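Shown next, in structure tokens, is the structure this report addresses.
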């Protein structure tokens, strides 16, 4: 998350992906998946962000962050 705060988005995505691969059953996986989408969104790579956000909704449909993700998906689709 430090890399995200410092706008090192590629590094953040790599670290988060490593976390997901290394600890697939971790409670941090949903947040990591969402943060990967946020990194793409912050860089303006809206197509990639949209894919990550759609995956988040598919794999974690009961998470409270889904409402936030759906708003972001709506803003991407308006572009």
Subset of segment 1-16 (residues that are within 19 Å of residue 65 (Cα to Cα) and surrounded by fewer than 17 Cβ atoms within 10 Å (Cβ to Cβ)): 1
Any chance segment 55-67 includes a residue that's without any contact (Cβ under 8 Å) to a residue 40 or more places away in the chain and on the phi > 0 side of the Ramachandran plot? no
Filter segment 45-79 down to the residues that are out of contact with any helix residue (DSSP H, G or I) (no Cβ under 9 Å at 6 or more places or on another chain), outside any helix (DSSP H, G or I) and at pLDDT 95 or above and list them by number. 61, 62, 64
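From 34, 19, grab the single residue that is in contact (Cβ under 8 Å) with a residue 24 or more places away in the chain, closer than 20 Å to residue 7 by Cα and surrounded by 13 or more Cβ atoms within 10 Å (Cβ to Cβ).
34
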Tell me yes or no: at least one residue of segment 6-28 is in a helix (DSSP H, G or I), out of contact with any strand residue (DSSP E or B) (no Cβ under 7 Å at 6 or more places or on another chain), at pLDDT below 95 and on the phi < 0 side of the Ramachandran plot. no
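The values are calculated or read from the model by the stated rules, or taken from the named source; none is laboratory data. Not measured: the values here are computed from a predicted model. Neighbour counts run over all protein chains shown; Cβ positions are idealised from the backbone, glycine included.
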